[in-house]
Amino acid sequence: MSSLPEKAQQIILAHAGLIHAVVIACQNRERRTELEPLLEAASVNGWNALVTAIRRILSGSRDIQVLAGLDEEDQVIAEAILRKVEEHTARLA
């Protein structure tokens, strides 16, 4: 993570819980029910575009199109999720 700009690192640290929960849910479908309240709260707080991107990631989408329409902060979070999912998948291979 140290190769990321400081602002991106701060965003990732601030949202580490959500990022971790999404990565876990990507790897274990049974954990998605635990994630749902976080996603609902994010939507209520106006993070609709990010929640949409997360739902696409949870559905198996791993391409750059997931990032379309996201603002800078949401994009950093979604990229971190994609990176962590990819790292976890590579370790299992």
Q: First compute the accessible area of region 50-93 with a 1.4 Å probe, then give the percent of it belonging to carbon and sulfur atoms.
A: 50 percent
Q) Taking the Cβ of GLN75 as the center, what net charge do the other residues with Cβ under 13 Å away carry, scoring Lys and Arg +1 and Asp and Glu -1? A) -3
**Q.** Ratio Rg/Rh, restricted to region 31-93 and using Cα atoms, in which Rh is the Kirkwood radius
**A.** 0.98
Q | C-alpha center-to-center spacing [region 13-36, region 68-93] in angstrom | A | 12 Å
Q) What does the accessible area of GLU6 come to, in Å² to the nearest 10, when a probe of 1.4 Å is used? A) 130 Å²
Q.
Can you give the local net charge around VAL51? Use residues other than it whose beta-carbon is closer than 15 angstrom to its beta-carbon, Lys and Arg +1, Asp and Glu -1.
A. -2
Q: Keeping all protein chains in place, calculate the accessible area per residue for the chain (probe 1.4 angstrom), answer in Å².
A: 62 Å²
Q. Where nothing but the Cβ of Lys and Arg (+1) and of Asp and Glu (-1) is charged, how large is the charge dipole of the chain around its Cα centre, in debye to the nearest 20?
A. 340 debye
Q. Per-residue accessible area for THR33 at 1.4 Å probe radius, Å² rounded to 10?
A. 110 Å²
Q | Exposure of ASP74 as accessible area (Å², to 10), given a probe of 1.4 Å and all protein chains | A | 10 Å²
(Q) Suppose only helical runs count, i.e. DSSP H with n ≥ 4. What mean residue ellipticity at 222 nm does that imply for the chain under -39500 (n - 2.57) per run, divided by all residues and rounded to the nearest 500 deg cm²/dmol? (A) -22500 deg cm²/dmol
Q. Considering every pair of different Cα atoms, what Kirkwood radius, in Å, is found for region 1-59?
A. 12.2 Å
Q. Per the 1.4 Å probe, what fraction of the accessible area of region 7-48, in percent, lies on carbon and sulfur atoms?
A. 54 percent
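The values are calculated or read from the model by the stated rules, or taken from the named source; none is laboratory data. Worth saying up front: this structure is predicted, and the values here are computed from it rather than measured. Don't worry about glycine lacking a Cβ; one is built from the backbone with ideal geometry, like all the others, and counts go over all protein chains shown. Heavy atoms of the whole protein, side chains included, go into the accessibility calculation; ligands, DNA and RNA do not. Shrake-Rupley method; radii C 1.70, N 1.55, O 1.52, S 1.80 Å.
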